[in-house]
1. With the checklist (1) out of contact with any strand residue (DSSP E or B) (no Cβ under 6 Å at 6 or more places or on another chain); (2) under 15 Å from residue 21 (Cα atoms); (3) in a helix (DSSP H, G or I) in hand, flag the one item residue 81 doesn't pass.
2. Output the number of residues of region 15-40 satisfying the condition of being in a helix (DSSP H, G or I) and not charged (D, E, K, R).
3. Specify the residue that is surrounded by the fewest Cβ atoms within 10 Å (Cβ to Cβ); the eligible residues are those in region 5-50 that are of a type in the set (Val, Ile, Thr) and within 24 Å of residue 108 (Cα to Cα).
4. May I ask you to say which residue of 206, 179 is of a type outside the set (A, V, I, L, M), at pLDDT below 95 and under 20 Å from residue 11 (Cα atoms)?
5. Given the criterion in a loop (DSSP other than H, G, I, E, B), in the same structural domain as residue 104 (by TED's automatic domain parsing) and either out of contact with any strand residue (DSSP E or B) (no Cβ under 8 Å at 6 or more places or on another chain) or surrounded by 12 or more Cβ atoms within 10 Å (Cβ to Cβ) (or both), identify the matching residue among 176, 183.
6. How many residues are surrounded by fewer than 23 Cβ atoms within 10 Å (Cβ to Cβ) and not in a loop (DSSP other than H, G, I, E, B) when one looks only at region 51-69?
7. Sort out which residues of region 124-136 are in a helix (DSSP H, G or I) and farther than 18 Å from residue 186 by Cβ, and write them in order of number.
Amino acid sequence: MLTVYGCTNTRSSRVLWTLEETGAEYEYIAVDLRAGAGWKPEYLALNPGGKVPTLVDGEMVLTESAAICTYIGDLFPASRLTPPVGSPERAHHDQWCYFVMSELEQPLWTLAKHTFALPEHRRVPAVLDTARWEFAVAAKVLALGLGRREFIVGDRFAVADILIAHTLAWAQAFKLPLEHDYLTAYAARLLARPAWARTRERERAESGSQS
């Protein structure tokens, strides 16, 4: 059985969402990053960065949310969460996954780091306005790429949509406008999926059992 180490309101939510979409059984172990659990030796042995998510599949340990979600999609091909390897659809799918991680998410992580994540003496408030501008630029590129389609690639929901929707939810938590009505509608439609609701419930239940 797959085991996921995660924490609420982090990138590990993407991994749980992907698993919930497949219908696969999995074990979820809550890691209370806010209490320093990520820096315990037993967890660092799995993930030297002290971050989440971490996926354990037998002898394999995998970190980085986009890599994990893609692995899960490939592991459960019946879910159709990842296009076939070598196809044009897969190439475009991977393009958008990389775009999310390198362009769309990074300004949000900058906002997070310089408002609460970093030690106060490491924060640089002057970068916040630039980060907001960078996100707006990336959101415009995404809006143009999406157009009026239901999903980012082809005619089916995929891992790339999970990564995008979760990142847009993060932006909304920062109260950043998406500035494109169909992008806002796309995010709302995906975040209304039952698998996302199950993800949030699983996180709440497991986190509560750890307290």
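The values are calculated or read from the model by the stated rules, or taken from the named source; none is laboratory data. Keep in mind that what you see is a predicted model, and the values were worked out from it rather than measured. Cβ placement follows ideal geometry from the backbone for every residue including glycine, while neighbour counts extend to all protein chains displayed.
1. Only one criterion is unmet by residue 81, namely (3).
2. First, the residues of region 15-40 that are in a helix (DSSP H, G or I): 15-22, 33-35, 37-39.
After this cut, where a residue has to be not charged (D, E, K, R) as well, the list is 15-19, 22, 33, 35, 37-39.
The total comes to 11.
3. Keep residues of region 5-50 that are of a type in the set (Val, Ile, Thr), which gives 8, 10, 15, 18, 22, 29, 31.
If we keep only those that are within 24 Å of residue 108 (Cα to Cα) as well, we get 8, 10, 15, 18, 31.
Working: 8: 19, 10: 17, 15: 30, 18: 29, 31: 25.
Ranking the candidates gives 10 first.
4. Values: 179 fails: under 20 Å from residue 11 (Cα atoms).
Exactly one residue qualifies, and that residue is 206.
5. Numbers: 183 fails: in a loop (DSSP other than H, G, I, E, B).
Step by step, each of 176, 183 is checked, and only 176 is in a loop (DSSP other than H, G, I, E, B), in the same structural domain as residue 104 (by TED's automatic domain parsing) and either out of contact with any strand residue (DSSP E or B) (no Cβ under 8 Å at 6 or more places or on another chain) or surrounded by 12 or more Cβ atoms within 10 Å (Cβ to Cβ) (or both).
6. Residues of region 51-69 that are surrounded by fewer than 23 Cβ atoms within 10 Å (Cβ to Cβ), as a first pass: 51, 56-64, 66-67.
Going one step further and asking which of them are not in a loop (DSSP other than H, G, I, E, B), we end up with 56-57, 60-63, 66-67.
Number satisfying all stated conditions: 8.
7. Of region 124-136, the ones in a helix (DSSP H, G or I) are 125-136.
Scanning region 124-136 gives 125, 126, 127, 128, 129, 130, 131, 132, 133, 134.
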